[in-house]
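Structure first, commentary second.
The values are calculated or read from the model by the stated rules, or taken from the named source; none is laboratory data. Please read these numbers as outputs of a predicted model, since none were measured by experiment. FYI the Cβ positions are ideal-geometry reconstructions off the backbone, even for glycines, and counts take in every protein chain you see. Keep in mind that these areas ignore ligands, DNA and RNA; they rest on the heavy atoms of the full protein, side chains included. Shrake-Rupley method; radii C 1.70, N 1.55, O 1.52, S 1.80 Å.
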Amino acid sequence: MIRSFIIAIGLLLSITGCDSKPEADIDYGTISNNVYSNKYFDISINVPDTWFVQSQADQKALMETGSNLMAGDDKNLKKLIKESEKQTVNLFTFFKFEPGAPVDFNPSIISVAERVAHMPGIKKGSDYLFHTRKLIESGQLNYEFPNDVYTKEVSGLSFDVMPAQITVNNTTVYQEYYVVIIKDYALAFILSFSSDSDKKELDSILNELKLTK
């Protein structure tokens with residue numbers, strides 16, 4: 001339950017929505033020979049052999065749970081989340097273990113993209129993360145932001161990174177939100193972990209990100 005709860009919220013916190021595609025030229029991407037690739041963003045990333053790849057349908061169901069947990073009875077927040085659905089594409093979700101596995105926490109890396117062309121004030125990842133944090137703080141969950149947003153280069157892309165954490169049933173879960181603006185979209189990678197070893201493993205996956213052009 002804790003694992004599903006945190007990952008669902010992690011999906012939501014990047015202002016994610018459902019699996020409908022807002023533009024014809026953007027795609028979900030494909031996985032072949034343990035490599036995820038996306039032609040719209042010209043990127044690829046390796047999928048570890050033993051990790052679990054979640055389907056689009058399961059991503060949508062998980063996010064609906066997260067939306068309800070975060071918004072609670074706040075009708076205005078529910079409306080804001082619904083509006084964001086029209087602009088968002090779920091790219092992938094990788095879990096270290098199958099959902100429901102008998103582990104204390106299930107580390108994950110999630111990628112989503114939200115169209116921001118209609119918001120000219122969002123020029124870089126930190127601008128997008130400013131609004132992400134405001135959304136989180138308007139919800140009913142007690143998230144903490146222990147450090148400021150910082151910049152990190154990954155495979156030639158300059159990401160802005162926002163650390164966050166939340167404690168549920170005596171388990172502290174850490175998340176890092178990597179965001180870069182590409183074309184008309186904010187491309188985000190969300191890392192969720194509960195230990196230093198999990199973080200190192202997730203970092204090694206993200207560091208395998210490659211530009212295909």
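Details
Here is a yes/no grid of residues against (1) surrounded by 18 or more Cβ atoms within 10 Å (Cβ to Cβ); (2) within 27 Å of GLN54 (Cα to Cα):
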residue	(1), (2)
PHE94	yes, yes
GLY100	no, yes
VAL103	no, yes
SER108	yes, yes
GLU114	yes, yes
ALA117	no, no
PRO120	no, no
ARG133	no, yes
ILE136	yes, yes
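Each row is one residue, and each column tells you yes or no for (1) open to solvent by less than 60 Å² (accessible area, probe 1.4 Å); (2) modelled with pLDDT under 75.
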| site | (1), (2) |
| --- | --- |
| THR16 | yes, yes |
| LYS21 | no, yes |
| ALA24 | no, yes |
| SER44 | yes, no |
| GLN56 | yes, yes |
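Residues are listed down the side, and each one gets a yes or a no for (1) over 17 Å from the mean Cα position of the chain (by Cα); (2) surrounded by fewer than 22 Cβ atoms within 10 Å (Cβ to Cβ); (3) free of Cβ contacts under 8 Å to residues at least 24 places away in the same chain:
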{"residue": "GLN165", "(1), (2), (3)": "no, yes, yes"}
{"residue": "ASN169", "(1), (2), (3)": "yes, yes, no"}
{"residue": "THR172", "(1), (2), (3)": "yes, yes, yes"}
{"residue": "TYR185", "(1), (2), (3)": "no, no, no"}
{"residue": "PHE193", "(1), (2), (3)": "no, no, no"}
{"residue": "SER197", "(1), (2), (3)": "yes, yes, yes"}
{"residue": "ASP203", "(1), (2), (3)": "no, yes, yes"}
{"residue": "LEU206", "(1), (2), (3)": "no, yes, no"}
{"residue": "LEU211", "(1), (2), (3)": "yes, yes, no"}
